[in-house]
1. Go over the candidates 111, 149 one by one and state the one that is within 22 Å of the chain's Cα centre (by Cα), at pLDDT 95 or above and part of a helix (DSSP H, G or I).
2. Just the residues that are at pLDDT 90 or above and either surrounded by 16 or more Cβ atoms within 10 Å (Cβ to Cβ) or within 23 Å of residue 176 (Cα to Cα) (or both), please, taken from segment 82-97.
3. For segment 192-204, enumerate the residues that are part of a helix (DSSP H, G or I) and buried (at least 22 other Cβ atoms within 10 Å of the Cβ).
């Protein structure tokens, strides 16, 4: 089935009764999920639970058997690997596939936003892992997507670079206000960045948890601690009692 696209001021994603299989293996079953415009949602689940499959469906990279999937017209994806073209400069990688008379200026602005104004003519092989992911974010955001899909983009980074990328991602989200779906295995990352946490288990939604507003959120908040315990339990992690 093909995706439907729409422009709506309240919802960026609407999924109803979505099923996806590979051969005889059922990957996603009867998925119902809404993501509001400008909302940041984290998607968690054990390996094989269907997280990346759902992201690829939203990106239009996979087909599905039945159900309804409605997305914005403009979507962008940043993967775990930056997937930069090694024969193109940083600026050319950001411009790749983008149309318009002001593409060059937009690319420069996007690179400035991610802190790479001084690396526009660099080659991908000369970039650090964090710099390469910044280029990937700039390449996604130059399209001004209504839906930004992040497939574990920070998992290969060292701890300090990951923290910096977390803050950069939040700053870019606040500036551009796309709906965001972040696929991650990192529960703390999800609780730090997202406004909602959705947990997949055996291809179905096991939990959909709203979190306190980011402006007042603290890792020590009872609501955050309770959400963490709940999510870890759903992921099969034994949490000792308080």
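1. So the residue among 111, 149 that is within 22 Å of the chain's Cα centre (by Cα), at pLDDT 95 or above and part of a helix (DSSP H, G or I) is 111.
2. Selection gives 82, 83, 84, 89, 90, 91, 92, 93, 94, 95, 96.
3. Correct list: 193 only.
The values are calculated or read from the model by the stated rules, or taken from the named source; none is laboratory data. None of these values were measured; they are calculated from a predicted model. Don't worry about glycine lacking a Cβ; one is built from the backbone with ideal geometry, like all the others, and counts go over all protein chains shown.
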